[in-house]
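First up is the structure itself, then whatever we jot down about it.
The values are calculated or read from the model by the stated rules, or taken from the named source; none is laboratory data. Since the model is a prediction, treat every value here as computed from it, not as a measurement. Glycine gets a Cβ as well: all are built from the backbone with ideal geometry, and neighbour counts include every protein chain shown.
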Amino acid sequence: MSLSLKNIIFDWSGVINDNQVTTFRVINKMFQHFGVPTISHEEFRREWEQPFMLFYHKYLPDLDLAEEIRAYNHIYPEIKKDFPPTPYPGIVGLIKSCLNQAKVLYIVSSDYRPHLLGEVEDFGLKDAFNEIVASIHDKQAALRNLVINNKLAPGQTIFIGDTAHEIDVGKKAGIKTAGVTWGIHTEERLKRAQPHYLAHNLSELEAVILDH
């Protein structure tokens, strides 16, 4: 399969950064911090929503965004000492193959920008991305603005995410979408969002975004 894609927009966590378990542990630590019961990994994947405050308000209805950000940014560095971020196996090579084919790469992520930039450098991808948009709560406006400001042709542009929200905002931005099943949302949830493409492994993602 070759779509002659030129512009590849990645979500970070759950797509490039294989940190699903880390995120789950951070959230349970936050729940302990705020005095609510922890949840199972299965419940985490089932209940996760974006924008992420939709998820937190299921358990902490009075939590505000600023308080969530403070707690998350305090707890995340502690958890990642024991569960350090690692790239999804083979994804760094795929990104470099994209660059070899003159693809233009971007990131749109809710991750805290200083954490994300450090991980980008740790993964050896410091100069891989044309633009990194991070520290955002709702990706819809951020993705639309990225497409408009960079004059990206919709037919040559794809957003790759691991949640239904990313599929939804990609379609609303008028671009192609691909869901990957190794992130937070299950294959069933991704299918309900009806992405243009669904990748169960790196080979399937490569078949979508690389020219052959």
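Some observations on this one:
- Odd one out for residue 174, checked against (1) small (Gly, Ala, Ser); (2) surrounded by 15 or more Cβ atoms within 10 Å (Cβ to Cβ); (3) in a loop (DSSP other than H, G, I, E, B): (2)
- For the range 7-46, filtering for residues that are aromatic (Phe, Trp, Tyr), more than 18 Å from residue 69 (Cβ to Cβ) and in contact (Cβ under 8 Å) with a residue 60 or more places away in the chain leaves 2.
- Condition check for residue 59: at negative phi, among the aromatic types (Phe, Trp, Tyr), modelled with pLDDT of 95 or more and touching a strand residue (DSSP E or B) at 6+ places or on another chain (Cβ under 8 Å): no
- Here residue 129 fulfils each of the conditions (1) aromatic (Phe, Trp, Tyr); (2) surrounded by fewer than 16 Cβ atoms within 10 Å (Cβ to Cβ); (3) within 16 Å of the chain's Cα centre (by Cα) apart from (2).
- Qualifying positions in the range 121-139 - farther than 23 Å from residue 208 by Cα and assigned to a helix (DSSP H, G or I): 121, 122
- Annotation: of all residues in the range 75-100 being part of a loop (DSSP other than H, G, I, E, B) and modelled with pLDDT under 95, the one that is surrounded by the fewest Cβ atoms within 10 Å (Cβ to Cβ) is 84.
- A single member of 142, 153, 128 is in contact with a strand residue (DSSP E or B) (Cβ under 9 Å, 6 or more places away or on another chain), farther than 15 Å from residue 11 by Cα and among the aliphatic types (A, V, I, L, M), and it is 153.
- Residue within the range 7-15 that is in the same structural domain as residue 168 (by TED's automatic domain parsing), within 25 Å of residue 127 (Cα to Cα) and over 18 Å from the mean Cα position of the chain (by Cα) present: no
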